[in-house]
Amino acid sequence: MNVYTISTQALEKIDIVLFRSMLQLVQKQLNAMWSVESSAKIVLVDIEQPEGKAFWDSQLTRPEILMIAYAKKNFKDTRWFLPKPIRVQPLVNLLNAIATQITSQNLRTTSLPRENNTSPLSHNLIDLNSTEKSSRPVSHDYLFDPSKYLLGLVQTAVQTGQAKRFSCAGLPPLYVLPNEQRCFTSLIHMGQIDSSQRILYGAFAEHIESADLPLEILHQEVEQQKLQSYPLETILWLTTLYASHGRLIHEQAQDNFVQLKQWPNFINLPHHPVHINLAAFMLRHTTDLKTISAKTHVLLPSVIDFVNACQIIGLIIEEKHSKRIEDKHLPEQKRQLFKSILKRLRQ
């Protein structure tokens with residue numbers, strides 16, 4: 001898959017965090033790999049900021065730079081535009097359109113419109129793909145490193161036993177109390193996590209503000225903000241699901257034979273319906289990830305996310321050999337009964 005990098009110019013801190021986190025969330029919907037770097041030939045520019053407007057005007061004579069206007073309205077009347085606030089579908093459409101444009105020109109040159117689309121720029125937008133691919137090792141792009149995300153910070157807090165507050169650019173904070181195996185955050189709707197929580201749980205560690213807290217202060221802030229208490233495994237599970245993005249934790253994981261130790265506690269673990277199917281299959285069979293995907297008809301990236309989350313909370317057994325798989329399916333009546341029981345337990 002082609003790999004592209006993009007940088008930002010003059011965005012506010014909250015917008016940078018949202019953009020980077022949203023880019024991770026939509027990666028599966030993109031037809032190329034994208035990552036945010038400090039410098040790139042594709043630049044998202046907040047043209048509502050004086051610094052952004054000045055940058056935009058200064059770069060118009062540089063045809064090797066592809067600029068994307070970021071604003072509430074496209075008052076520059078430019079082809080590449082991302083509306084505020086960032087939304088999933090406009091971002092996906094924009095990045096796929098840019099990747100398609102570059103690919104259609106054989107990844108060598110492309111013609112882009114000037115301001116107001118009056119005339120094309122036809123020089124030297126060269127090697128946006130191949131240059132970036134050569135500068136980034138495959139292992140960095142395709143493996144999941146928990147230490148780079150909120151998940152890694154939570155794991156460190158658990159290892160040290162230090163009570164922590166994690167916050168990120170105005171998003172709802174997360175409090176972790178390792179010695180009591182509890183965490184505190186805004187209400188988690190088990191069936192559907194809201195967008196601000198998804199962004200926090202999948203945020204890069206470098207964007208997280210971390211503070212050590214005495215127990216008295218932690219409980220005081222939790223009470224003032226009327227936060228909810230959850231088992232620590234709930235946050236470990238969520239921070240894995242929303243940061244993993246279908247990437248293996250290590251290269252050997254795809255060929256390892258895995259099985260579940262026990263049924264996940266879906267009362268405390270927000271989940272999708274496919275997770276129930278995966279859990280049921282993995283309790284009965286020891287096999288590799290591709291076979292799990294094929295037998296359950298669940299896309300491989302979703303299988304990887306689920307296995308990563310189960311591994312982080314200690315539910316995975318790795319075996320040297322697979323076990324014979326028989327094609328048995330849970331009767332629909334029993335499946336619906338189980339879902340009904342889960343629904344009642346959540347009430």
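Data for the structure
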| item | result |
| --- | --- |
| Tally, over the range 146-164, of residues that are under 21 Å from the mean Cα position of the chain (by Cα) and in contact (Cβ under 8 Å) with a residue 24 or more places away in the chain | 10 |
| Some residue of the range 69-92 being open to solvent by less than 10 Å² (accessible area, probe 1.4 Å), within 20 Å of residue 21 (Cα to Cα) and not hydrophobic (A, V, I, L, M, F, W, C) | yes |
| Conditions (1) closer than 16 Å to residue 18 by Cβ; (2) surrounded by fewer than 22 Cβ atoms within 10 Å (Cβ to Cβ): number failed by residue 171 | (2) |
| Top-ranked residue in the range 98-114 [being modelled with pLDDT of 65 or more and within 13 Å of residue 4 (Cα to Cα); ranked as surrounded by the fewest Cβ atoms within 10 Å (Cβ to Cβ)] | 100 |
| Matching residues in the range 1-32 - criterion: being out of contact with any Pro (no Cβ under 9 Å at 6 or more places or on another chain), within 17 Å of residue 52 (Cβ to Cβ), open to solvent by 30 Å² or more (accessible area, probe 1.4 Å) and not in a strand (DSSP E or B) | 12, 13, 14, 16 |
| Any hit, the range 15-24, residues being farther than 24 Å from residue 76 by Cβ, at pLDDT below 90, in contact with a strand residue (DSSP E or B) (Cβ under 6 Å, 6 or more places away or on another chain) and not β-branched (Val, Ile, Thr) | no |
| Subset of the range 174-205 (residues that are over 26 Å from residue 23 (Cα atoms), open to solvent by 40 Å² or more (accessible area, probe 1.4 Å) and touching a residue at least 24 places away in the same chain (Cβ under 8 Å)) | 181, 182 |
| Pairs with Cβ under 6 Å, 6+ apart, first in the range 212-232 and over 14 Å from residue 180 (Cβ atoms), second open to solvent by 80 Å² or more (accessible area, probe 1.4 Å) | 228/187 |
| Scope the range 41-60; condition in contact with a strand residue (DSSP E or B) (Cβ under 9 Å, 6 or more places away or on another chain), part of a helix (DSSP H, G or I) and farther than 14 Å from residue 71 by Cβ; matching residues | 59 |
| Any chance residue 35 is part of a loop (DSSP other than H, G, I, E, B) and either farther than 29 Å from residue 196 by Cβ or within 27 Å of the chain's Cα centre (by Cα) (or both) | no |
| Exclusive hit being touching a residue at least 60 places away in the same chain (Cβ under 8 Å) and not acidic (Asp, Glu), set 44, 66, 60 | 66 |
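The values are calculated or read from the model by the stated rules, or taken from the named source; none is laboratory data. Keep in mind that what you see is a predicted model, and the values were worked out from it rather than measured. Heads up, the Cβs are rebuilt from the backbone with ideal geometry, glycines too, and the neighbour counts pull from every protein chain shown. Side chains are part of the model used for accessible areas, which takes the heavy atoms of the whole protein and leaves out ligands, DNA and RNA. Shrake-Rupley method; radii C 1.70, N 1.55, O 1.52, S 1.80 Å.
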